[in-house]
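Below you'll find the structure, written out as structure tokens, and then a few comments.
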Amino acid sequence: MPATYNSLTVTKKTKLLSFFTISDIHITDKESPNQLIYLQRLHPTLPVGAALHSGIMPYTTHVLDAAVQTVNALHKQNPIDFGLSLGDACNSTQYNELRWFIDVLDGKVITPSSGAHLGADTINYQKPYKAAGLDKAIPWYQTLDNHDHFWIGSIPVDYSLREDLRQSYITDELFATGDVLSDPRKISSRDYYMGVLDGSTPYGDLIKAGPVGNFSSAPKVVADPDRRSLLRTEWMNEFFKTSSSPVGHGFNLSDANDGFACYSFVPKSTVPIKVIVLDDTQKENDGSADFHGHGFLDEERWAWLKKELADGDAAGQLMIIAAHVPINVEVTAPNSEMDWWLNPQNAVTLPNLIAELHSHPNLIMWVSGHRHLNTVKAFISPDPVNAPEKGFWQVETPSLRDFPQQFRTFEIYLNSDDTISIVTTDVDPAVKEGTPAATSRKYAIATAQIVRAWDFTTKHNPTNDPTIKPMPTGSYNAELVKQLSPEMRAKMRNY
């Protein structure tokens, strides 16, 4: 918005769209033999280490179920048009992790354990339960992300220095590797057994973990074929095995058999708003030895995005981009795996990507997950006085697993002055005291305190960017205003 804009006299005239976003659920098979659990002990205060092992891990399906129930309750009060899952549904590409995710949304019976199913009769987080399921009137759509097609979201399963990585998912032997957090190439070492969580204990004790020299033979678990790692195409096709809508959850609009995970859709035929779902994750065969969490577009996806944006402008459609990896909010550093990939294979540099986005006045917002944060950023128009409509917003949705364990709702309004308002609200899942989901929320707070998550957040957000204002509570509710081009103002008056 230009500096002269005053919204005090503006009223919201018409609600155009209402939707919710969830992200970074990280449904985790805590009994899988290769989850990298032990490495957290080598990096006890590093937030990414907490992603490898924390008290939250046994409860990931329960928190998702609580969030779904909360969405349903909100939908009864004010109808929700659709939902977006912005990625990291799984923790490590596993079939059973993905099935738990889809089955929770479908309202199926969930057996949140694997292998020997220890504690399934006695431990609350291990007991089978029937998920509530998302209200059948709400369609939901899926975005591809790094944890859904890379081992622990970081290393390609079939293109790493370990030829046995894919087999390690379904074997009965605990995975041994080096400290890949300090150097991903140490995956070729066999220094530490990664361990598993003991489902027969109330707190999920870490067992069968530690330096390889401490063991006379490799520790073992009961193998489970449902732990198998999915190829990108297999992962996408699994969304066709569902009882909620639409079948395919967006991948019916792309080529799931070819692995192309980009598509677009119009949520309401009576409202000119298009959602562009963009796969901006790295490729499995890019040859990089770095962590695979960077933003990336190959030539095919870059050409597709430009065409979708141009088509939206030509059709007089307002546009929302939904992608897992956000843009221009992460300090570029050697140890960061969340910024835009600086590599010749990337079809577009970050400045050129932003310039392209600024050239499309109908783009109103980029929504993303990935960083487990609630950051909101204004991408101000390069000509804010004469063409303020070239600006857009970026809104990050936090993790349902980690603090603050929230999802987002979005309500888009047409205002009395022909601007657009985006009202975005963080929502805490409603949980009943004593339930596994309630226990998980306590662990999420404790983990954030132990690893000093807020210090990490402020360190990795650009400190000199006036368009980013971190909130001290970790939540970020806002009304975001977007001005329209003269052509779109004239068109939207019909609504």
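The values are calculated or read from the model by the stated rules, or taken from the named source; none is laboratory data. Given the structure is predicted, the values throughout are model-derived calculations rather than measurements. Cβ sites come from the backbone with ideal geometry, for glycine too, and all protein chains shown count toward neighbours.
Which members of the range 464-487 meet the condition of being of a type in the set (Ser, Thr, Tyr) and either modelled with pLDDT of 80 or more or under 17 Å from Pro326 (Cα atoms) (or both)?
Thr467, Ser475, Tyr476, Ser485
If you check Ser416, Ser381, which single one turns out to be over 21 Å from the mean Cα position of the chain (by Cα), crowded, with 17+ Cβ neighbours inside 10 Å and hydroxyl-bearing (Ser, Thr, Tyr)?
Exactly one residue qualifies, and that residue is Ser381.
With Asp29, Asp121, Asp24, Asp88 as the choices, which residue is out of contact with any helix residue (DSSP H, G or I) (no Cβ under 9 Å at 6 or more places or on another chain), modelled with pLDDT of 95 or more, surrounded by 19 or more Cβ atoms within 10 Å (Cβ to Cβ) and over 24 Å from Val247 (Cβ atoms)?
Asp24 is the lone residue from the list that is out of contact with any helix residue (DSSP H, G or I) (no Cβ under 9 Å at 6 or more places or on another chain), modelled with pLDDT of 95 or more, surrounded by 19 or more Cβ atoms within 10 Å (Cβ to Cβ) and over 24 Å from Val247 (Cβ atoms).
I need the full set of residues from the range 398-413 which are surrounded by 22 or more Cβ atoms within 10 Å (Cβ to Cβ) and more than 18 Å from His75 (Cβ to Cβ), in order please.
Pro398, Ser399, Arg401, Asp402, Phe403, Gln405
Kindly evaluate Gly195 against the criterion of being in a strand (DSSP E or B) and not aliphatic (A, V, I, L, M).
yes
What residue, of Ile354, Ile276, is assigned to a strand (DSSP E or B) and modelled with pLDDT of 95 or more? Steps first, please.
Details: Ile354 fails: assigned to a strand (DSSP E or B).
Just one listed residue meets the conditions, Ile276.
Taking only pairs six or more apart or across chains, which ones have beta-carbon atoms under 6 Å, a first residue in the range 289-315 that is in contact (Cβ under 8 Å) with a residue 40 or more places away in the chain, and a second residue that is buried (at least 16 other Cβ atoms within 10 Å of the Cβ) and in a helix (DSSP H, G or I)?
Taking only residues 6 or more apart or on different chains, the pairs are Ala289/Pro184; Phe291/Pro184.
What number of residues within the range 44-97 are of a type in the set (Val, Ile, Thr), more than 27 Å from Gln167 (Cα to Cα) and part of a loop (DSSP other than H, G, I, E, B)?
Here the count works out to 2.
Quick one: in the range 279-304, of everything that is of a type outside the set (D, E, K, R) and more than 20 Å from the chain's Cα centre (by Cα), which residue is modelled with the lowest pLDDT?
Once the filter is applied, the top-ranked residue is Ala289.
Any chance you could count how many residues in the range 241-268 are loosely packed, with under 14 Cβ neighbours inside 10 Å, modelled with pLDDT under 95 and closer than 26 Å to Ala315 by Cβ?
Total meeting the criteria: 2.
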